[in-house]
Each structure stands twice: as structure tokens, then as C-alpha cells.
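Okay, structure first, notes after.
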């Protein structure tokens, strides 16, 4: 917790807000990385895992890009 206080002081924000921001980012990142792995999108997995965008890229991936991939897979299954 001491490290969190040091970082919060460095950026002049409350440690509570920093902790909330970290939790927000981690939740979105875990969900997006999990979905990328499940859909077999290796490059998205690597990008989402390495790039920290405070959840923004993860949200775009989850609600736009992965939805398209899921629809494509459903269409292929229906055609068979």
C-alpha cells in the first residue's frame, strides 16, 4: 500500500482514486484478454496484454471487434 501512496503523490491524485482506476483497468483487461484467447485472436491477445489504456482499448475490443468475430463464427456454424 505504501507504493500506491507514493505513486498517487507523484501524480497528485488520491490513493483511493488510483486504486479504483487500477481495479477498473484490471477488470476490463482480464475480460478482453480472456475473450481474445477464446476467439483465437493471437495478435489482439498480445496487444491487449501489453498495452495499458485504462480500459479504453479493452472496451472497444469487447463491444466492437470481438462482437464481429463472434457473429462471423455463428454465421459459419449456421452454414454448416
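Bear in mind that the values in this text are calculations on the coordinates, not laboratory data. This is a predicted model, so every value here is computed, not measured.
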Task: For the chain: relative contact order, % (alpha-carbon pairs under 8 angstrom, 6 or more apart) - done: 26 percent
Open item on the list: Between residue 79 and residue 52, what is 0.36 nm times their sequence separation minus the Cα-Cα distance? Round to one decimal in nm.
Closed with: 5.9 nm
Task: Mean residue ellipticity (222 nm) of the chain, computed from DSSP H runs ≥ 4 via -39,500 (n - 2.57), nearest 500 - done: -24000 deg cm²/dmol
Open item on the list: If I fit a long axis through the Cα atoms of helix 66-79 and take the longest principal axis of the Cα atoms of the chain, what angle between them do I get, 0 to 90°, rounded to 10?
Closed with: 20 degrees
Task: Per-bin percent of Cα-Cα distances, segment 2-79 [10 Å] - done: 18, 38, 24, 14, 5, 2
